[in-house]
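So the structure is just underneath, and the comments pick up after that.
The values are calculated or read from the model by the stated rules, or taken from the named source; none is laboratory data. Note that the structure is a prediction, hence the values are computed from the model and not measured. Here the Cβ positions follow ideal geometry from the backbone for every residue, glycine too, while neighbour counts run over all protein chains shown.
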Amino acid sequence: MKSIAVFCGSSSGVSPIYTDAAVQLGAYLAAQNITLVYGGSSVGLMGTLANTVLAEGGHVIGVMPTILARHEISHRALTELIFVESMHERKNKMMELGDGFIAMPGGAGTMEEFFEVFTWNQIGLLAKPCGLLNVANYYDGLISFFDHMTQEQFLQQKFRDSLIIADTPGDLLQKMHAFKAPGLKIF
């Protein structure tokens, strides 16, 4: 994997542990010479992650819709900042540029972006690893829900098993490197 798209909050959250995790992930990506692809903001976890990769000598590509550029503070010191017209174009560009996807703590936008790439893997539009960086058990409720979907037979076990979960960047990226697409038979 040469690039990882990361979905995370434009807020830093209530606990400094989330910011610490963004710093750890950013340092790890830079040390591994993995380009960060993200939403292009200079604030919150997004900004911390990008700033860390840059400070560690790594490459960062931001993808920001013009509508958000008016409201968010776009990061002007990135290796590359790509402006697109819509959120849909942002996701498509991030899917194109990323060799894998990570969701850090974030809100509804983070979940929406992550669920789209996870779904696209299921229907064969992508075959790239999707991981949850479960910082301070942030995603425990969602993980339980994935298990519930599987138990109730709304999510096949092979797709549940393809979801990569770890508490540290090193563990997560190691599992992502070993990813094997589960195959297309979905019905």
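Taking the residues in the range 136-171 that are among the small types (Gly, Ala, Ser) and within 21 Å of Ile4 (Cα to Cα) as candidates, determine which candidate is surrounded by the most Cβ atoms within 10 Å (Cβ to Cβ). Lay out the reasoning, then the answer.
Residues of the range 136-171 that are among the small types (Gly, Ala, Ser), as a first pass: 136, 141, 144, 162, 166, 170.
Now restrict to residues that are within 21 Å of Ile4 (Cα to Cα): 162, 166, 170.
Details: Ser162: 19, Ala166: 17, Gly170: 14.
Selected residue: Ser162.
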Of the listed residues (Glu80, Glu89, Glu96), the one being within 17 Å of Gly47 (Cβ to Cβ) and of a type in the set (D, E, K, R) is Glu80
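Can you pull out every residue in the range 96-120 that is of a type in the set (D, E, K, R), without any contact (Cβ under 8 Å) to a residue 40 or more places away in the chain and touching a helix residue (DSSP H, G or I) at 6+ places or on another chain (Cβ under 9 Å)? Quick ask: steps written out before the conclusion?
So in the range 96-120, the residues of a type in the set (D, E, K, R) come out as 96, 99, 112-113, 116.
Subset that is without any contact (Cβ under 8 Å) to a residue 40 or more places away in the chain: 96, 112, 116.
Glu112, Glu116, listed by residue number.
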Which numbered condition Gly26 misses (of (1) among the small types (Gly, Ala, Ser); (2) buried (at least 18 other Cβ atoms within 10 Å of the Cβ); (3) over 25 Å from Tyr139 (Cβ atoms); (4) at pLDDT 95 or above): (3)
Looking at (1) hydroxyl-bearing (Ser, Thr, Tyr); (2) modelled with pLDDT under 95; (3) in a helix (DSSP H, G or I), which is the one condition that is false for Ser10? (3)
Which of the residues belonging to the range 93-117 are in contact with a strand residue (DSSP E or B) (Cβ under 8 Å, 6 or more places away or on another chain) and surrounded by fewer than 21 Cβ atoms within 10 Å (Cβ to Cβ)? Lys93, Met95, Leu97, Asp99, Gly109, Thr110, Met111
Six or more apart or on different chains, Cβ atoms under 8 Å: show the pairs whose first residue is in the range 132-153 and within 20 Å of Phe179 (Cβ to Cβ) and whose second is of a type in the set (Gly, Ala, Ser). Leu132/Ala103; Leu132/Ala166; Leu133/Ala21; Leu133/Ala103; Leu133/Ala166; Asn134/Ala166; Tyr139/Ala103
